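To start, the structure itself, in structure tokens.
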Amino acid sequence: MHGRSISPIHLIIIVAVTCLWGFNYSVIKAGVDNIDPFILTGLRFTFAAFPAVLFVRKPDVKWRYLALYGITFGVGLWGMMSMSIYSGLSAGTASLILEFSVFISVLMGIVFLKERINTSLKIGLALTLLGLVFVANITDGSVTFIGFVFALVGALSMSVISLMVKKLDIKDMFAFVAWSCLFAPLPLFTMAYMVNGVHLYSELSMALNPIAFGSVLFQAYPTTLLGYWVWNKMLTKYPLSMMSPFKLLVPIFALLGSVIFYDEQLGINKMIAFSLIIAGVLLPLITPLIAPFIKRLRFKELQS
């Protein structure tokens, strides 16, 4: 697809990360059902930064890039996604809308990184876009306009941080993720104060029950530190336009989690949307695997 293919072990690792991220949407919903979404996300990044920054050296990246990544990652992406779920989107639908970032990422890869995309990836992206059109026609109550807008802001932020990782050429990815998380909590806590006032913090001890605290820890450690460390490492090894389609597996796992934990209903529009997205993901992935066999068949036909 791009002159190289993803190794089998890396493929397994990437799919495992998408599974973790998919189920994380149900964990976010459990959190925002109990605590303010901005505080939930602020605590997530507080725990992601501490105690990690006390044990790992600051990466060789300028402070302004750490701050830009951390704010875009913490506020632009996950602050907005928590708000989208809090505003009425189901976990499965929120993750699906976030996949608009695939198109933005591919366009950014073409414009800023001069990456090329082949025919199979173009067709796959077209199928996925058609699937997202079906999302807009879901009327079972799992889509709200304001939630949709929050998720779109998250999609743009996801694409920006993916481009940053490609451009910065980061050597110590774990340290980069951990130190960048330092810049997310303060703006998130400030936004919670601006929206809800100081009384929100006086009631925090009561709101931070075991479910909310468990949601914070799950999002902070396996999802943020482990997941993004691994994913960003893969971004440094493979082109952005090759990695982006894998993120389309996230809503599949997110929908599965939402069905299991929240009994999300699967209407016809939702099933068509997810089916198209799966097809869009699989096409560019299987094309490099079957291309040699197709060439051999054509060669034999020409010989005969």
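The values are calculated or read from the model by the stated rules, or taken from the named source; none is laboratory data. Given the structure is predicted, the values throughout are model-derived calculations rather than measurements. Every residue, glycine as well, gets a Cβ built from its backbone with ideal geometry; the counts of neighbours run over all protein chains shown.
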Sort out for me the helices (runs of 4 or more DSSP H) sitting completely within the stretch 1-105 that have 3 or more residues that are basic (Lys, Arg), free of Cβ contacts under 8 Å to residues at least 24 places away in the same chain and out of contact with any helix residue (DSSP H, G or I) (no Cβ under 9 Å at 6 or more places or on another chain).
-> none
With the condition kept exactly as written, say whether any residue in the stretch 110-123 is under 19 Å from the mean Cα position of the chain (by Cα) and touching a residue at least 60 places away in the same chain (Cβ under 8 Å).
-> no
Take the stretch 25-40 and flag every residue that is in contact with a Phe, Trp or Tyr (Cβ under 7 Å, 6 or more places away or on another chain) and closer than 19 Å to residue 263 by Cβ.
-> 26, 27, 29, 32
Those residues of the stretch 80-100 which are small (Gly, Ala, Ser) and either more than 15 Å from the chain's Cα centre (by Cα) or at positive phi (or both) amount to 87, 88, 90
Using the structure shown, decide if residue 147 is modelled with pLDDT under 85 and either hydroxyl-bearing (Ser, Thr, Tyr) or out of contact with any strand residue (DSSP E or B) (no Cβ under 7 Å at 6 or more places or on another chain) (or both).
-> no
Just one of 253, 261, 274 is within 16 Å of residue 92 (Cα to Cα) and either at pLDDT below 85 or outside any helix (DSSP H, G or I) (or both); which is it?
-> 274
Those residues that are among the hydrophobic types (A, V, I, L, M, F, W, C), closer than 18 Å to residue 33 by Cβ and not in a helix (DSSP H, G or I), I need them from the stretch 187-210; list them, please.
-> 208
Does any residue of the stretch 229-243 turn out to be under 30 Å from residue 5 (Cα atoms), surrounded by 21 or more Cβ atoms within 10 Å (Cβ to Cβ) and of a type in the set (Val, Ile, Thr)?
-> no
Exactly one of 213, 218 is free of Cβ contacts under 8 Å to residues at least 12 places away in the same chain, surrounded by 15 or more Cβ atoms within 10 Å (Cβ to Cβ) and in a helix (DSSP H, G or I), and that residue is 213
Scan the stretch 211-239 residue by residue and report those that are of a type in the set (Ser, Thr, Tyr) and closer than 17 Å to residue 37 by Cα.
-> 215, 223, 224
Given the conditions (1) closer than 15 Å to residue 165 by Cα; (2) surrounded by 20 or more Cβ atoms within 10 Å (Cβ to Cβ); (3) touching a Lys or Arg at 6+ places or on another chain (Cβ under 7 Å), every one holds for residue 60 apart from (2)
Of all residues in the stretch 108-126 being buried (at least 18 other Cβ atoms within 10 Å of the Cβ) and among the hydrophobic types (A, V, I, L, M, F, W, C), the one that is nearest to residue 232 (Cα to Cα) = 108
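Restricting the stretch 42-57 to residues that are of a type outside the set (D, E, K, R) and surrounded by 18 or more Cβ atoms within 10 Å (Cβ to Cβ), which is nearest to residue 185 (Cα to Cα)?
In this case the residue turns out to be 42.
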On the given criteria, is residue 74 small (Gly, Ala, Ser) and closer than 26 Å to residue 217 by Cβ?
-> yes
When both residues are 6+ apart or on different chains and their Cβ atoms are under 8 Å apart, which pairs have a first residue that lies in the stretch 189-205 and is at pLDDT 90 or above, and a second that is not in a helix (DSSP H, G or I)?
-> 192/36
Quick check: is even one residue across the stretch 241-248 more than 21 Å from residue 185 (Cβ to Cβ), modelled with pLDDT under 75, aliphatic (A, V, I, L, M) and assigned to a helix (DSSP H, G or I)?
-> yes
Of residues in the stretch 134-145 being outside any loop (DSSP other than H, G, I, E, B) and in contact (Cβ under 8 Å) with a residue 60 or more places away in the chain, the one nearest to residue 264 (Cα to Cα) | 135
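Any idea which of 28, 39 is buried (at least 24 other Cβ atoms within 10 Å of the Cβ), more than 17 Å from residue 252 (Cα to Cα) and not hydroxyl-bearing (Ser, Thr, Tyr)? Please lay out each step first, then the result.
On the way: 28 fails: more than 17 Å from residue 252 (Cα to Cα).
Answer to the check: 39.
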